[in-house]
1. Pull up segment 145-183, narrow it to residues that are of a type in the set (Gly, Ala, Ser) and not in a loop (DSSP other than H, G, I, E, B), then point me to the one that is farthest from residue 210 (Cα to Cα).
2. Of the residues 192, 203, 234, 187, which is crowded, with 24+ Cβ neighbours inside 10 Å, more than 17 Å from residue 256 (Cα to Cα) and not aliphatic (A, V, I, L, M)?
3. So residue 94 clears everything in (1) closer than 18 Å to residue 19 by Cα; (2) surrounded by 15 or more Cβ atoms within 10 Å (Cβ to Cβ) except one condition, right? Which one?
4. Within segment 184-223, track down each residue that is among the charged types (D, E, K, R) and assigned to a helix (DSSP H, G or I).
5. Can you find, within segment 35-61, the residue that is modelled with the lowest pLDDT among those that are surrounded by fewer than 12 Cβ atoms within 10 Å (Cβ to Cβ) and either farther than 18 Å from residue 210 by Cβ or not hydrophobic (A, V, I, L, M, F, W, C) (or both)?
6. Please tell me if residue 153 is touching a strand residue (DSSP E or B) at 6+ places or on another chain (Cβ under 7 Å) and surrounded by fewer than 17 Cβ atoms within 10 Å (Cβ to Cβ).
7. Only one residue in 216, 221, 197, 249 is crowded, with 17+ Cβ neighbours inside 10 Å and touching an Asp or Glu at 6+ places or on another chain (Cβ under 6 Å), so which one is that?
8. Just to confirm my filter: which strands (runs of 3 or more DSSP E) fall fully inside segment 64-123 and include at least 1 residues that are farther than 18 Å from residue 197 by Cβ, of a type outside the set (A, V, I, L, M) and touching a Leu at 6+ places or on another chain (Cβ under 8 Å)?
Amino acid sequence: MDRAELARRRDIAAGLAAEAAALAARMRAEGRGTASLKGTQDFLTEADGATERFLRDRLGALFPGEAVLGEEMGGEVAGDGPLWVLDPIDGTSNFARGGDRWCVSVGLVAGGRAVAGAVARHAPSEVFAGAEGSGATLNGAPIRAAPTEDITRAIVEVGWSLRSPLAGFHRLAERVMAAGAGLRCGGSGALGLVETACGRLDGYLELHINSWDAAAALAIAREAGCWTTDFDSGDWLASGNPIGFGAPALAARLAALLQA
């Protein structure tokens with residue numbers, strides 16, 4: 001897939017992600033944002049399913065026959081052809097409580113690698129987008145990772161989920177704070193990742209995150225000049241991986257914190 005085609009698909013992903021975020025917000029305003037539990041601290045709303053169906057329907061019409069993997073409806077991950085990777089609402093617990101820290105993520109994978117994508121939030125209205133070879137943007141304006149060189153001046157988000165033992169999260173958070181960085185945990189991995197890509201955060205670390213949370217953000221962050229781990233390796237699409245993003249000058253420090 002050439003650069004022009006990746007850029008075209010990025011733009012389509014950005015438009016669909018923004019439409020999907022608006023759909024979810026409307027459903028919540030109509031009272032359809034109440035959450036049930038798939039598991040401990042694993043929330044699901046009617047809007048999650050409706051948003052994923054909207055994205056699948058639109059992608060199916062635009063790219064007939066191309067594979068889709070979504071958080072709520074699953075999908076096949078075999079083969080090297082184009083694969084759309086969707087998180088219809090990342091940060092569902094925030095969404096269900098009326099908060100604004102949630103987003104829609106639409107990523108594109110080709111040859112097993114994250115190559116393009118978009119992450120959209122509704123309030124404030126923001127669309128992060130990127131495609132391999134074409135840079136990364138926020139609402140159309142170029143973005144870059146933070147120039148931070150001193151870990152004691154850094155703000156680092158540490159993601160948490162029950163996919164890895166709680167003690168591991170505690171140790172990682174302690175290492176980040178012991179290094180002198182400020183600690184954040186916002187409840188939306190995809191937003192934490194793209195906010196690292198645009199320099200609002202100096203790093204994002206998590207011991208395990210799923211592909212639908214991170215595929216779009218990874219393509220965006222690489223184009224924004226972030227240090228990133230090799231998240232899209234191994235069985236990442238089906239099983240996820242540890243992840244790290246950050247200011248390039250902090251790469252060695254952040255990698256050591258994640259791997260210790």
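1. Ranking the candidates gives 178 first.
2. Of the residues listed, the single one that is crowded, with 24+ Cβ neighbours inside 10 Å, more than 17 Å from residue 256 (Cα to Cα) and not aliphatic (A, V, I, L, M) is 192.
3. Going through the list (1) closer than 18 Å to residue 19 by Cα; (2) surrounded by 15 or more Cβ atoms within 10 Å (Cβ to Cβ), residue 94 breaks only (1).
4. Those that are among the charged types (D, E, K, R) and assigned to a helix (DSSP H, G or I): 195, 213, 222, 223.
5. That would be 41.
6. Spelling it out, it is not the case that residue 153 is touching a strand residue (DSSP E or B) at 6+ places or on another chain (Cβ under 7 Å) and surrounded by fewer than 17 Cβ atoms within 10 Å (Cβ to Cβ).
7. 249
8. 67-70, 83-90
The values are calculated or read from the model by the stated rules, or taken from the named source; none is laboratory data. Because the structure is a prediction, the values reported are computed rather than measured. Glycine gets a Cβ as well: all are built from the backbone with ideal geometry, and neighbour counts include every protein chain shown.
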